[in-house]
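Undergrad: Before we start, here is the structure in question, set down as structure tokens.
The values are calculated or read from the model by the stated rules, or taken from the named source; none is laboratory data. Fair warning: this is a prediction, and the values are worked out from it, not measured in the lab. For neighbour counting, all protein chains shown are included, and Cβ atoms are generated from backbone atoms with ideal geometry for every residue, glycine included. Just the protein is used for accessible areas: all its heavy atoms, side chains included, with ligands, DNA and RNA removed. Shrake-Rupley method; radii C 1.70, N 1.55, O 1.52, S 1.80 Å.
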Amino acid sequence: MTYSKIVGTGSYLPEKVLTNFDLEKMVETTNEWIVERTGIRNRHIAAEHEDAVTMAEEAGRAALKAAGLTPADIGMIIVASTTPSMVFPSTACLLQERFGIAGCPAFDLNASACAGFMYGFSIADQFIRTGAIKTALVIGSEVMSRVVDWKDRSTCVLFGDGAGAVVLGASKEPGVVSTHLHADGTHKDVLYLPLGNKKSPNIESVKMLGNQLFKLAVNSLGDLCDETLAANNLQKSDIDWLIPHQANMRIIQAMAKKLDLPLERVVITLDEQGNTSSASIPLALDKAVRDGQIKRGQMLIMEGFGGGLAWGSALVKY
Ligand code: UT7
């Protein structure tokens, strides 16, 4: 039996930091409101010369280095991004060109928005389990600052830019124990981002019915925790770490409560990074790995939720 295993993680955050106090000067908001309602204090903003590809490259190279591998070892590249510079070639193909590894499959996932990394992670896991490939590079890379309306206080305070990467390698033991993916297009109007075209040339900005989305996120992610544990006959007490999508501190707290986990066992980057959409889970994972918090052999639940709606989780023995 072949499984996949996390063999390396990496991340990249742009240098520029935008604080809540900066935002106070841009829209009618306060540091207190943002911290109380979301938990966010700072977010990183990409420089002019940076985009989803440049950030994916930084994160990807860091993950490969951590795995002790080189680009030539990669059997598949998956980039989850809702903010690519081009519809095609995909960010993954542009990255493949930078890595100089023409030939292996490379593709983007954008349909699942903030859940994109979980979708990519699950797909890579399936390919490795079947023996089709031995190593996959899965990246979430987002320049959310280019798709928010900086005059809309209800959304512009929430998002940030960055990239996170994971190298999955073939293993005789799990590794990735199970993945669980869901979607429900009936909630398409709760969170969406229209694309520019010839008829309507400018890409629009993220539209969100925050309050409805909040309730859907708590319910869907709660059910997903139950499903992930039940599928593996595990108890809450078997879980060492929760690595959640970083959208709102109150959602993260609800999930920690659902799993009976103290917040010390939940990886939180939201305060310093905001919501980086599909990059948030690999960014959080990499931080906790590099800080020495997550240790080999520990059991992790990763879970993401976003536009589509789409949501997904993974149970991983690190
Ligand atoms: O990553 C994908 C998944 N994303 C999520 O799951 C996000 C889920 N939703 C949320 O995190 C929260 O709904 C938000 C943080 C987006 C909003 O928090 P909320 O507690 O649901 O606030 P609200 O939308 O109900 O707005 C409450 C009030 C409103 O004023 P009134 O109508 O009560 O007078 C808003 O106009 O807060 C106002 N408001 C603000 N006030 C100060 C909205 N944005 C701001 C702001 N500063 N930035």
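Undergrad: As a test of reading the structure, rank 37, 290 by solvent-accessible area (1.4 Å probe, protein chains only), most first.
TA: The residues order as 290, 37, largest area first.
Undergrad: Right, here's the next one. So what is the orientation-averaged projected area of the stretch 1-124, using the convex hull of its C-alpha atoms, in nm²?
TA: Dividing the Cα hull surface by four gives the mean projection, 10.0 nm².
Undergrad: Considering only Cα-Cα distances, which of the following residue pairs are longer than 21 Å: 188/215; 5/215; 295/317; 16/295?
TA: 5/215; 16/295
Undergrad: Continuing with the same structure: Only Lys, Arg, Asp and Glu count, each charged at its Cβ (+1, +1, -1, -1), so figure out the dipole size of the stretch 1-61 about its Cα centre, rounded to 20 debye.
TA: Charge dipole, the stretch 1-61, about its Cα centre: 340 debye, nearest 20.
Undergrad: What accessible area per residue, rounded to a whole number of Å², is obtained for the chain using a probe radius of 1.4 Å?
TA: 43 Å²
Undergrad: Give me the percent of accessible area attributable to carbon and sulfur for the chain, probe 1.4 angstrom.
TA: That share works out to 52 percent.
Undergrad: Please work out the Kirkwood hydrodynamic radius for the chain, using every pair of different C-alpha atoms, and report it in angstroms with one decimal place.
TA: Final number for the Kirkwood radius of the chain is 19.3 Å.
Undergrad: Stick to the Cα atoms of the stretch 55-156, pair each with every other, and give me the Kirkwood hydrodynamic radius in Å at one decimal.
TA: 14.3 Å
Undergrad: For the pair residue 265 and residue 200, how long in nm is the line joining their label points, each one 7 Å along Cα→Cβ?
TA: With each label placed 7 Å out from Cα toward Cβ, I get 4.6 nm.
Undergrad: Highest mean first, what order results for 91-100, 205-214, 241-250 on Cβ atoms within 10 Å?
TA: Descending packing order for the listed peptides: 241-250, 91-100, 205-214.
Undergrad: Place a label point 7 angstrom from the Cα of residue 253 along the Cα-to-Cβ direction, then list the residues of the stretch 267-309 whose backbone nitrogen is under 17 Å away.
TA: 267-272, by backbone N distance to the label point.
Undergrad: Residue 161: net charge of surrounding residues, Cβ under 13 Å, Lys/Arg +1, Asp/Glu -1, itself excluded?
TA: Residues near residue 161 contribute -4 overall.
Undergrad: Further question: Would you tally the net charge around residue 214, using a Cβ to Cβ cut-off of less than 12 Å, leaving residue 214 out, and scoring K and R as +1, D and E as -1?
TA: That sum, taken over residues with Cβ under 12 Å, equals +3.
Undergrad: Using per-residue counts of other Cβ atoms within 10 Å, averaged over each peptide, order 22-35, 221-234, 134-147 from highest down.
TA: Taking the mean over residues of other Cβ atoms within 10 Å, the ranking is 134-147, 221-234, 22-35.
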